[in-house]
Amino acid sequence: MTTLRPTTDLSADEARRIALRAQGFLGTPDRRSGVRGILRHLGAVQLDTISVLARSHELIPYARLGAVGRKTVEKAYWTTAGAGKPSAQPHAFEYWSHAACILPVEEWPHFAFRRRAYRNRPHWNHELPDGAYDQVIKQLRAEGPVTATELGGAKRTSEWWDWSGAKVAVERALMYGEVVCVERRGWKRVYDLAERAIPEALLHDELDDAECLRRLVRLAGQSLGVGTRADIADYHRLKGEQVDAVIADSGLVPVTVEGWGKPAWADPAALETPPRGRHRTTLLSPFDSLIWERARTERIFGFTHRLEAYVPKQKRVYGYFAMPVLAGGRLVGRVDPAREGSTLVAKQVTLDGPKAVPAVAQALVEAASWVDCTDVRVERVDASDLREPLAMELTRLLA
């Protein structure tokens, strides 16, 4: 790999503001582009089964655009252009990126390297029954697009991991790129043949691995604004050596960042003008790309956070789905939310001092309104002396 000398020295605060702008939080987002614009801007929106306030892929545009309707969010991801017409085109597809993610459909060619890797993979966690793969492709060709249930059922037993033969086959076909998901019904993937669902101009695996990796490294750098090798690799879950092989030719430029202690790379466009504009005050999904990489979150915001949904209840520190609160370009607290009828329940609130009270109250009230709750109830505040000020601020905002 060619070693380039850093071209810019950034303070820790400059790097933080560049990251916020790159992620759509600093400066007013282009609301005209809406949810689809956010998807293209971020390059990947993570999906997850957990739904407390809403599912994570709904929380991502909410955090950046405000109270965009939840049905509007779903339509933006999954409704094709010119629906019902022969020329209908999908805006997005679902594939393995940072995790299971919604991705802009124009990036389909750049995941050819991953599809090839899956095809060459010798071992799988699920056995594929003889004939199941061909049968699924045959059924999709005749009946698609269909859900796993319509293919014969997703589960062999009630255990979540015990997939049916049809589910194993269709998921493998999805990883290979022969099948694609460009729509969900409720929370169910809708499968179709890629040759039918992906626009013809994009339906190819012609790009070699280096071209794919160069594009994804560049996209990760643009979406992060500035990042270390590990940050850039993590965005689309590349290997460090894959980043090393292409980063010098990716268009990103080397920089040094105060206090980071590691080499960093930046999107040159992010260095052209200083970040200015408004900061959102909002609850963040733990799966938001601003904070999904824990070491980066700690380095940029001085904020240690991890998802505790899979931690035994008695060992949780901040709660099942503790959502960081972003305000003034800082992470100023956490809220572990739940819903009881028309009440948003803050089961546990952690505040970074008295100055965080107004922001956390604002974030709670806005989130409550978004999910059609008319009241907010706080069950526990870690700093007991801040419980009353938070209650008073919530009362004021809800009045």
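Tabulated results
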{"item": "Over 32 Å between alpha carbons, listed pairs K239/K347; K75/K315; K71/K167; K75/K355; K71/K315", "result": "K239/K347; K75/K315; K75/K355; K71/K315"}
{"item": "Amide H contacts of A322 (H built 1.01 Å from N, under 5 Å, at least 5 apart or other chain)", "result": "E308"}
{"item": "Spin-label pair E150/E272, simplified geometry with 7 Å Cα→Cβ offset, distance in nm", "result": "4.5"}
{"item": "Per-residue [θ]222 nm for the chain (sum of -39500 (n - 2.57) over DSSP H runs n ≥ 4, rounded to 500)", "result": "-10500 deg cm²/dmol"}
{"item": "Rounded percent of accessible protein surface that carbon and sulfur make up, segment 242-390, 1.4 Å probe", "result": "48"}
{"item": "The chain, accessible area per residue, ligands and nucleic acids excluded (1.4 Å, Å²)", "result": "46"}
{"item": "Label-point gap, in nm, between Q89 and T8 - each point 7 angstrom along Cα→Cβ", "result": "3.2"}
{"item": "Gaussian network model of the chain, springs between alpha carbon atoms under 10 Å - residue of G333, G261, G240 with greatest fluctuation", "result": "G261"}
{"item": "Pairwise centroid distance, computed over Cα atoms, of segment 262-279 with segment 164-192, Å", "result": "38"}
{"item": "All-pairs alpha carbon distance profile, the chain, 20 Å steps from 0, percent", "result": "25, 55, 20, 0"}
{"item": "Relative contact order (%) - criterion: Cα under 8 Å, at least six apart; region: the chain", "result": "18"}
{"item": "Estimated D of segment 91-226 in µm² per second, where Rh is the Kirkwood radius over Cα pairs and Stokes-Einstein applies at 4 °C, 1.567 mPa s", "result": "82"}
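The values are calculated or read from the model by the stated rules, or taken from the named source; none is laboratory data. None of these values were measured; they are calculated from a predicted model. Using ideal geometry, Cβ is built from the backbone for each residue, glycine included, and neighbour counts are taken over all protein chains shown. The area values use the complete protein model at the heavy-atom level, side chains included, leaving out ligands, DNA and RNA. Shrake-Rupley method; radii C 1.70, N 1.55, O 1.52, S 1.80 Å.
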